[in-house]
Structure formats: C-alpha cells, structure tokens
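Reading through the structure tokens given below for one structure.
Taken together, the values in this text are just the output of simple stated rules run on the coordinates, not laboratory data. Computed from a predicted structure; not experimentally measured. Counting neighbours? That spans all protein chains shown, and the Cβs are built from the backbone with ideal geometry, glycine included.
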Amino acid sequence: MRALLMRLALVFPLLLALACNRDLQARPPTNTRLYYPTGLAFVPPEDLDAGVGRIYVASSNFDRRFDVGWVTVLDLAQVRTPDGVRSLPPPGVPIAAPPDGGSDQGRPVQFTRFTPDAGPAAIVNIASFAGLATVDLARKRLFIPSRAENDFLAVMDVSTPADGSAPLRCFFSGGTDCTVDSIDMAVEQTPGSFGIPAAPQPYSVTLATDTDEFYVTHLRPASSPAQSLTNLQNFLVRMTQSEIDAARAAFPSAGAYVPPASDFTPIGAGASNSIVVNPGTVPGAGFLYVSGRAKINASDPDVLLRVVDRETRLFAFPQIGQVYAATDARGLQRHPDGTRVYLAVDNPASLVVLDVQNPQSEGFAPSFSLVRAVPLPEGPNDVQLITRPGHAPLVIISCSVDGSLAFYDDDLGQIAALVPGVGAVPFAIAVDRRDRPDGSWARLYVSNFGDGRVAVVDVPLSDDAADGRLSPRLVGHIGPKQYCLIATDDRNCVDTTP
Amino acid sequence: VKLRLLLLPLGMLLACSQSGVAPATRLSGTNSSAVSGSLLFVTSTRSNELRVLDLEPRAGLTRDYVRAPNPLAPLSIPTVPAPVELATPTRYGQLGQPLQGDWIFARGAGNPSVSIIGAVNCGQQLKEFARISPRPDSVVTAMASRLTTDDRQAQLYFTTFDGNTSTLWELILPNLPRDRTTTILDPKFCGNYPASLPPYSLQPISVWSRAVVTAMVALPTVQHPGKPPDPEERRLVIASRLLDPPLPLRPGMVEEGRIFILDPGTPGLGTDPYNLTFNPDTTVAESFPVKRLITHGNVVKNEFDPNQTRIIYQDGTIDGGVQTFIMDAGTRVFGILDEASCGGSLDCVGVMAVDLDRTQTLPLANGGSAIVYPVAIDGFDDRRDDPTQGSIEDTYWRPPNTFDDGGVRNANRMIPIRFGNNNLVGIVQDIAVQSSGLALYVTGVPFYYGLLGFVTISGTGNSYPPARIFAFDGMTLRQINFSPNVPQIIKAQAVLGNGAPATFRGGPVDFQVEQGIWPYSETTYVQYEGVVAGIGSEPLDAGLGNPKQGRWPVTINARLQIEQGFAEPGDIVVPVDVTGTECPFAFPVLDQGDGGILVQDPDGPVMVTRPEALALDLDGGSIAFNDDGSPVTLESCPPPLAYNLRSSTLARHPLTVRGFDPSGFFTGWLGRMALPPTNDESLFAVGDSTDPTFVRFWRPPLDAGTSADVLSHDGLSFKIKDVIQYGLNDFDAGIEPVLKNGDDFTLRGAGYTVQFLNGYTPASVGITSSSLGIGGLELPGALAVYQREIFPLPQNTGADRVFVLYPQGNVILDFSPTTVTFTGPANTVDIGIHY
C-alpha cells in the first residue's frame, strides 16, 4: 500500500506539471479560416470594370478558442472552390460552371480556399470580440473596435506596400500584432481611476465625409468611479485623422495612443450602435444621428435614436420609442437626400422609417416622425443603403437570428425581397457597387458570425441589370464552414460538431 | 362493436387533452389576422406559419388554438416565408354581417407567391394546398378577396410589382355553400371539402407602369333584406402610389396616390373614369396614397318595439319593429393615409372615407380640374351620442347629397379621424368596421352605431396619446366623444409657486376654450416668473460656458426653444445648487442687440446675464444690493449645479402660460403674455396658427353651409385686465400688483390657475401590460372583427369580438365592444389573451 502511495505521489506532480504545460501552450490565430467573423470591409479593385477587390474580415474569436482575435485580408481574385479551379467573378457575372460539366443548380458556390493552393491569407492580430469594420478608402485605413478587455480600437494600414507584401499592417507600429498599438478607448475605466470619460466596449466607427473626423460608438456605459456601476454615462468619441497621424509619428517614442478627454462627449446613459453624419446642406446638416440599444433604467429616455450637434456637441433624445414601442435599435442609414432615415429596431423586429423634419432656419435640430414600420425577420442587425438609378434606394438589413437578408424598397414601401439561408447569424454587410455599361450591380459581402463564412449576394440595381427586376441572389460563400461550436438559439445552427 | 368500445376511451382521451391547458404556440410575428367562419387565422411571420384560434369552443371552455394531429401541440400551417398579410373571400349578409368562404390567402414579405390555405375546420383542411407565383421575379404587394352571394365562387385579386410595373391577377376558386345561420361549420359536412387544391383559374387582369399597388378592396355585392341579391359586383378599389407623379406636386405632398375603381368583369376592363380622393384638404383633386382600404356591409337600422316579440329572419327582414335601410354595402370606402407621403407632417395621418355614390369637380395642381369621388360628408354636428336626448338617429345619420332646394351639398367634409395633434401620435396601424356595431356607451347601455369603427395607433402605453384601440363612428365620420361635458371652466384660483392657494386679486377673465382633441382636460397656469418653455434644471456640470462670467450654457432642446423666440431679454437665470434649491437671487439675461439672447462661445451657445442680481422691486434701479451697498452677484449664491430660466417683469411678456393635464403631466408650453397696460387689458390666445400651436379642435359645432371664416382659430384665449370693474363703483386690481414687480423669490411661479374640461374624451380601449399581467402590450397592430349573429343584439353581450394583435409581445388580445369600458385606462374585464 505504502509503495503504491509513493508511486502515486510521484505521478501527481507529473500530472500537475503536464496540466500547467497545457495552459501555456500558445493558441495563435489561424490564417486559413475565419472564426466567428463580425466586422467586414470591402476595398474595390484598381480596375472597377474587371477586378473583384479584397475584403477585410475580423474574426471575433467569440469563444476565445484562440489567444486573440484577428483580421484577415482576402484577395477575392485568389479565392477558389475546394478543387482549386473556380474563382469569384465580378458582381453580376455568373460563376463558371463546375469543370466536370455539372451544374451548381442555383446553389451557392463554396469558395473554401483563400488562395488557389489552399494557402494562408495575411492576418494581423487584434483584440477579441471585434465589432463593425470601417474602411477609409481615401486614406487606406481600416478601423475595427473590439469589445474585449482593454476596449481597443485597432487601426490598420491597408495600402499596398511597395515590397509586394499583403496590404494589411498595424497603423501605428507597422507590424502584425495590433494589440500592441491599438487605441485604448477606456483608460479611465482602469480600477481606481476617475472613470470618465471613457468608451468601454467600442463597437463601430463612422467616418465624416466632409471633414477628417471620425466617430466611435460603444456599448457599455462608463461608470465613475471606474467599475463602480454608478453615474453611468455613454460617450460619443470624436477623433480626427490628423490626430492619429500625429500619434503614428509619435508612436516609437510615446507608445500606444490615448485619446484626450476632449475627444469624449457625454450623450447620456445607453449604448450607441451606429452613426449617420449629415454633411453639407442636407436636412439635419451639422447633426449626427446616433442609434442605440436598450435603455438602462426604465425611467430613462429611450436611446433608440439620439441627435448630437457636431459643433456644440449638445444632444437630444427624439424618443422614437414613444411612437413605436421597440426596445432596442441597431443599424441606421439615411436617405441620400437627407429627408428620411431607416432604423432597424428589435422587439418587435422592424425597420422603422422616419421622415426628418428640418426647420428652415439654420442650426435647429431635426425632428423625426414615424412614417412606416415594416416587420422584419428575427434579429435585425446591420443596415446598408444602396442607391439605384431611376428607383428609390434599397435598404438592406441583415437578420441574424433568421439567417436572412431583407431588402426594403422605398418605392414599394415594403420588403421587396428576402434572401433566406444566407448562413448562420449574418452580422455585418459590406457593399461593392459597380456601375457598368451593362447595368448597375451591387455585391454584398455578409459576415456569417455563426458559420464562419462570408456570404456573397449579388443584387441587380438598374433596369438593364437582370431586366430591372429586384432579384438578389446568394451566389457563394467564402471560407470553410466553422460549424456551430456552441449551442445557440439560432435555428440555422443544426450541426454542433466541428 | 368491440373495436368501437376500445376506440371510445381513446376518443375521450383525445377530447380530454383538447380541453387541457393551452399549449405554448411560440407565435413570433403577429402581423396580420383574418376571421373565417368561427376561426381566427394569425400570422407567425418569423416562423413562416399561421396559427388558428377557435373562436367557438365547446360550452364552458375558453377560446383555444386549433390543435395539431397530435393534440398536445397547436396546429401549425406552414406558408410562404414571412407571411405578413392574410385575406379571405368575404361577402356581407343583408344586415351587414361579414360572411367568409372556404379559403385563406397569405402573402409574404418580399415574396412572389400567395399561399392558398383551406379555411374549414376539418381534418383534411387547415393546410396550405398550393403556392401560386405567376411572376416569380416579382413581389406580391396587395390582396383582396370576394365571395359571390351564392357562396359558390371565391375570387382572389392580388398585385405583383417587378420594380417598374404592377400586374393585377385574378384567381378563381370553387367554394361550397354553407349554413349561414351559424358561423360554425357542422363537422358532418367535412367530407364535402377538398383535401387538395381543386381546379382553379388564374389570369392577369391589368398592368400599370410606374405605380405600386399599396392596397385593394373588393366591393361587395349588395343584397337587400327580403330581396334577391343585386347583380354580382365585380369592381375593385385599387390604391396605387405613383412613382412618377405629375409635377408639380401639390404643396405638402411628397408622394401622390391614384386610387381608382376597376371592373375586371367588363369587356375592355372598364375602369371608372373617376378617382377617389383621400386628402384632408377637401378642396383639391389630388389624393395622398393610402396604405389600407376597407369597406363595409349594408347599414340597416332596426328599431324594435320593446312590447313586441323581436324576430329577425334569415333574409334580413324583421318583425316587431321598424327597419330602415341606410346605406348599401360597399358604398363607403375607408382608407388609412400613407404617413410616408407628406414629409413627416400631420397632413397624411389618419383615416378618411370616400363615398362611391357621390362625385364632385375639384381643381388639379397643374391646372384644370377632375371629377372625383371626394371625401365624404360627415354627420354635420358635434353632438354626443346620447340615447336619452332624442338624438339616437345621430349614429345612423347620413346627410343627403342635396339640400332641400336641390343644390348639391359641398360642406362639412370629414376631418381626418386621428387621435393626436402632434407627431407623437405615431402611425395608424390598422382599421376595422362593423355594420350596426353595438358599443357600451358612457351611459352604461349598449348603443348602436351604423358603422362602428376601430383603429390602432403605434406608440406605447404611456405615450401621449397612449397607444390604445380607438373607436370611431364610421357613419357620421368622427371620433366618438365619451365626455359628458361641454367645454367649461371648473376651477379658477390664485396659487403660490408651490401650488398652495393664494389670495391674489384679479386673474384671467373672458376665458374661452374650444372642444379639443387632446388632452381631454387640462389646467392652465398663468405665472409670475414661471419657467420659460420648460428650460429648467439646465445642467452646469459639463464644464461648458462660464456662469461666473455670466455665460450660461444651453442644451440643445433649450437652444431650440430660445431660437423659436420663447425666451426674451429680461428673463432671469436662477442658479440652482446641489440640493436642488433655487438661489434667492436671479440674473437678467441681456439682449444681444437684435432681440436675441444667444451668443456662440467656442464650446457652444450661451446666454449672457448681467452680473448684478435683479432687485425685489423695480423702483431702485432694479439692481439688488447687499447691506453694505455692494451689488449682489453670483458670489451670493451657493455654488450652482444647474439653473432655471424664468420670466421677469423686465421682459416684454412677463407672464408665462403653461398647460398641465389632470394628473399633473406637463402638456406643453403655451406661450407668454404681456402685463395689461394701465387701464387696459392684455389678451392671450393660442390656436392652430400660433407658435406654439394649440390645436384642440375635433369638430366645429356648426352646420353645413357655414363659412369656415367664422370658425375660431383660437383653441384657448383669455384676458388679464389692469382693472376689473365689478359694479358701477366697484373696481379692483385685475392682477395682483406684487406679480408686476421685480424678482421676489418667494413668489416665483405664483399666479393663477384655470382648470378646464375641454369636453372631449375619445372612446378608446385602454390596455396595459401591468393590469393584465402579460408583457408586450405596448404596440397594438392588426385588427379583426368577429360577428357571430346575423345582427348584433344587446342580449348577446360579449358575443362580438374585436381581435387585436400585439407584434411586440406576440400576443392576441380580444375584447367585446359591448363589455369593454371605453374610458378605462386599463381594461381587465372580459378580455381574452392568447399567445
């Protein structure tokens, strides 16, 4: 007996040691697949008549299977079907038939390879739980906030380097680990700090088109003192491109950039989700519209929509919930002429169409009147708007729980098309717009959070494309399917084995 | 025999389980419903199916969902993806009862197909028989369905839109006659009904370019009591929105509609040359687009003699009373204006009605004129429906088309039926009408309405107005007023700032108030140093402005109020400390030279105040001094955390006027008024043309033919006199002199209150989640009416039901107009809830 115990005594530390070693094993991001993709941005090709461009996809690493999240750049000309033969054509151009003479029979084509030889794509590391991605095409910058610890806003340089390396590197450091140079949006939330101003859980970035400003939304309210859950306040973060240019120059000496308190403006307690900037002379010029999620206290004004004066940074609550009792708002878009906004709300899932009433005299904040509420499939999230020649714009909503894309047509005043089966939990939408002599097309790239792929949907826009009929079609998926690794209430998640 | 004995207990088991607790249906997306026979079909949009509620359960049981073949589960009818609208073939009985056929049709969001569903409660039915998609590249935008008077043919009309062109399709299906003495189909006839789709015909009827069909209604065939039916009606009323409307558009119109009549049965597709005009401006020919159209059955008035036996025969004739035929089925078409067509103003909010037996010539915006079916003439008066006052005819009254001298009436066209005066009213979600509907009147007795209508509006239970189910009178075309009063002042008194009674002399006189739409009654405060335009508790904690330098930051809402001119130079800023207490001293706001008071500082707009506080009275140079002779400054106040902006005698209009509803809810800034000049008076008036507006009118109490010029545009007016003369030599102050002085902090907010009733309480069904114990009852949506008998009778209390869908909670709620309290904010009695 004693001998046995002695032997066991030897074995136990060994087991313990093994266990420790397992924990230390690195789990670096993978560059041959996406993993719970969220943020998605499209960069068009040099030649809009021929190429397909590239997309940047944030893998949110939702279950922390890997050490960090990451961003993958996919050169769409390089993606291939599993046999390595077929490639993704430009929007509106049919995908070649399978080489064996068969047919896809209308099913989406799976482009599981990132390169013809199933090789890797370039990636950079960012924090886990990435939000929405925003690309500045003029300055070749990509912004992706992440909601994990540190509340990082990652900025990436997406210009094509002269040395032929991939067009993706961290903006400040120039390296591939952007967790070392990301902007901490909530330094004040460090325990023991005053707490505000801070923007915990940054979610999206919106670029101003008339200035070099950009705005950051965030989900979690900041508390003061930090982590106290008292004095909750959300902030609108306004930064400028010149500000981060200076920070880039100073990075070797100063390290990661920390935005000054003057970049933060309180906008009341309640998450902000998306922002619309009103430039120039459109109704509402000089104001931002900020969509938000559920309010925190029952007695608070609802934050489905807020109006913020860009100059004075004063804000108002239009209280949309008083005219349409939804509890949560997500994506937001504005009609190009500024007279109307489209807000995806949940519970009940609807697209709320609001007319903007703009007082004639300058400086008056716009007010909103509800003009339509269109039922949507379950789980509306991202909203994008595409203009069409000769028709009202199309508003596209990703419906994450239903796994579909809804197309609202303002001509029709209803949902004009539903594309079901886009995938599991379609999250963000990026738009590739082509106006060619043979017609206008849009291609939508949709990040499927639940299945790890990017769905590709082609939408004819003009009368000479697909005979002018609105017939959006799911043409393919990019990336291998990740299956459903966790049980969710998502009905598209049928296979829980990887 | 043995086998039967064995089966019997099994059958009983099944029957027992049927009567068990209602299973959870997991409805998701209750966006549309339709009554067919004794069944209510409801969409579950997000699960792509319909559920069916059995409205006539066996005696003693509550209404429950029709069960699936496995009776533990409710029946699901899979349909086109995302069903959002249902239609069922309908005709109307001689007394106006809606009678449905054997089919339910469903269209989906963004879908080219229509589901054809068997609507009969039999084993082989209640399932989708087919989906038809005549244009797979289009989307179905609208549906309407009719049943022929012999019950043998069901007609479905639907439109598809392909991005440019709308196509109207006609689907003809066979239908079986059934016993119309009951809404329940006897199961012994189940064998007659098909188990698969019978032969049908489908054909395109018409095509329109650059127009979207937004709504349709199939006009019903008229069948008078005791007579054979009129020739089969084929006409449709079709509402379209023009994608390329004739320019220029009528001012205020962002989109234009064309609502027209089409007869698919006539060779050459006879289209009625006259369009329908749905427009609150009844003097123009253009129509707003409408998003929903409905019509009605015959309106027949039956006055029964209480001393005779009451008999209603199946052919619609009666014994024991007098029957008066009021209006043919399908004469009147109700439309919900499309709120998206007037740029967010109120012009295109509400329900309007058009009569198809009357025309009028009206001008077009780009010159010329058109003969149209105009907005219907309403019931001519604003009387309450009081059965004891001899005005019982009121609710069945339809003005003749001509005056006694033969001249065509063109007056008193209806005011849109809406339930609020601002954009907080949201949108009208749905509408339903019932011929000779019985409603429990405010007097506690059921009362017939020729056409009893209901609308739902979006909002929340605590919005203002609340999202309730509002009733309206579809015959006299007005809201139903449940207020027992005429507009009247019920209390006038002087008060201190804290609301305590005061003994000031004088006060408002010559108080006038018009009947109002909202709120029902309110209290008006005329205040000395009242808070200006709600600019109170303005925070100073953001570090903006510089109060010590007399620069006070303004919030966005305050800025808007100031820019609208509601604040004036001479108003005072009163600092508020951390305890919420106002400083005894206040600082007058300076004129910036142009009469405005805002200055743009680098960190935002500010108001600039004089550094010295305002004195108690205006005689000492109006600067307050300390005991040592130095002027009082902000240093004499506790550190301010916020400020209030109050009026003062230094301003041109020292008195503020504000409104509150009976529960103390601040209903609005009404404006400000000047002090009366010596031996003179000052007038305060707000109405539909003032800023802020005070639109409170629901129906002018004037008869047809009266010029609109004589109508008052003031919703509320009163005077304050410098001196009131009571008798020949009996004079008194018209306003207490202390209220004309400088800053007396003990009197801030003091003045006079006048509490009045505006004589208007719209009949509405209040529903709250808290009183019913179920969440999600904030947003009433689709409506459906179930009428069990051939004619509603008072003894059948609770039989007729109105079904309301709540898409937020995915709940179906039903009430009876004969048992519900139309003034109750939270009804709980005889309310059915299904989810």
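Each label point is 7 Å from the Cα along the Cα-to-Cβ direction; what then is the distance between the points at B:Asp179 and A:Asp83, in nm?
In this crude label model, B:Asp179 to A:Asp83 measures out at 6.7 nm.
Quick one: which of A:385-394, A:255-264, B:345-354, A:235-244 comes out on top by average Cβ neighbours within 10 Å, and what's the full order, highest first? The partial results should precede the final answer.
Values: A:385-394: 18.2, A:255-264: 16.3, B:345-354: 24.2, A:235-244: 20.1.
Ranking, from highest mean packing down: B:345-354, A:235-244, A:385-394, A:255-264.
Mind giving me the nanometre distance, one decimal, between the label points for A:Ala162 and B:Leu364, set 7 Å out from Cα along Cα→Cβ?
Inter-label distance under the simple model: 6.8 nm.
Tell me which residues come under 5 Å, amide H to amide H, from B:Ala329 once H is placed; ignore anything under 5 positions away on its chain.
B:Gln223, B:Asn298, B:Val299
Kirkwood Rh, the range B:737-783, all Cα pairs: how many Å?
Taking every pair of different Cα atoms in the range B:737-783, averaging 1/r and inverting gives 16.2 Å.
Kirkwood-based Rg over Rh for chain A (C-alpha set), two decimals?
We get a ratio of 1.00 for chain A.
So what J values fall out for the range A:193-206 if you push phi through Karplus, 6.51 cos²θ - 1.76 cosθ + 1.60 with θ = phi - 60°, rounded to Hz, Gly and Pro as x?
So the J values, rounded to whole Hz, are 8, 5, x, 10, x, 7, 10, x, 6, x, 10, 8, 10, 10.
Net charge near A:Ser242, counting Lys/Arg +1 and Asp/Glu -1 over other residues with Cβ under 12 Å of its Cβ?
So the environment of A:Ser242 carries a net charge of -2.
A:Thr176: net charge of surrounding residues, Cβ under 13 Å, Lys/Arg +1, Asp/Glu -1, itself excluded?
-2
Checking the cross-link filter: which aspartates and glutamates have an alpha carbon closer than 13 Å to that of B:Lys721, excluding same-chain neighbours under 8 positions apart?
B:Asp510, B:Asp680, B:Glu681, B:Asp732, B:Glu736
Please turn the phi angles of the range B:452-459 into ³J(HN,Hα) values with the Karplus equation 6.51 cos²θ - 1.76 cosθ + 1.60 (θ = phi - 60°), one per residue in order, whole Hz, x for glycine and proline.
My calculation for the range B:452-459 gives 8, x, 9, 10, 10, 10, 7, x Hz in order.
Calculated from DSSP H runs of 4 or more alone, at -39500 (n - 2.57) each and per residue, what is the 222 nm mean residue ellipticity of chain B, nearest 500?
Details: 3 runs with 29 residues, N = 835.
Mean residue ellipticity at 222 nm (helix-derived): -1000 deg cm²/dmol.
Between the range A:91-138 and the range A:373-428, what is the separation of their alpha carbon centroids in Å?
21
Could you let me know the centre-to-centre spacing of the range B:168-203 and the range B:769-800, using Cα atoms, in angstrom?
One Cα centre to the other: 27 Å.
Convex hull over the alpha-carbon atoms of the range B:247-300: what's its volume per residue in Å³?
Numbers: hull volume 7.8 nm³, N = 54.
In the range B:247-300, the Cα convex hull volume per residue is 144 Å³.
If you build the Cα gyration tensor of chain B and take the root of 5 times each eigenvalue, what three semi-axes come out, in whole angstrom, biggest first?
Numbers: eigenvalues 672, 175, 151 Å².
Each semi-axis is √(5λ); the values are 58, 30, 28 Å.
Taking 7 Å along the Cα-to-C-beta vector as the label spot, tell me the B:Asn498-A:Asp67 distance in nanometres, rounded to one decimal.
Distance between label points: 6.8 nm.
Please work out how much length the chain gains when fully extended from B:Cys190 to B:Leu683, using 0.36 nm per residue of separation minus the C-alpha to C-alpha distance, in nm with one decimal.
Using 0.36 nm per residue and subtracting the Cα-Cα distance, I get 170.0 nm.
Roughly what angle does helix B:2-18 make with the longest principal axis of chain B, taking Cα atoms, 0 to 90 degrees, to the nearest 10?
Taking the Cα atoms of chain B, the angle to B:2-18 is about 10 degrees.
Can you work out the base-10 log of I(q)/I(0) for the protein assembly as shown at q = 0.05 1/Å, using the Debye formula on its C-alpha atoms alone?
-0.43
Based on the alpha carbons, how large is the Rg to Rh ratio for the range B:334-375 when Rh follows Kirkwood?
Checking Rg against Rh, the ratio lands at 1.04.
Out of residues 5 or more away from B:Ile623 or on other chains, whose amide H comes under 5 Å of its own, with H placed 1.01 Å from N in the peptide plane?
B:Ala615
Between beta-carbons, use under 12 Å as the cut-off and find the net charge around A:Pro200, counting Lys and Arg +1, Asp and Glu -1.
-2
What lysines does B:Lys719 reach when the alpha-carbon gap must be under 27 Å and sequence neighbours fewer than 8 apart in one chain are set aside?
Excluding near neighbours in sequence, the set is B:Lys491, B:Lys740.
Please list, in chain and number order, the residues 5+ apart from B:Leu650 or on another chain whose amide H is under 5 Å from its amide H, with Hs placed from the backbone.
Under 5 Å from the amide H of B:Leu650 lies no amide H from a residue far enough along the sequence or on another chain.
Please compute, for the alpha-carbon atoms of the range B:116-252, the extent along each of the three principal axes and give them in descending order in Å.
Computed over the range B:116-252, the largest-to-smallest principal extents equal 61, 40, 25 Å.
Magnitude of the Cβ-charge dipole of the range A:252-385, K/R +1 and D/E -1, about the Cα centre, nearest 20 debye?
Rounded to the nearest 20 debye, it is 20 debye.
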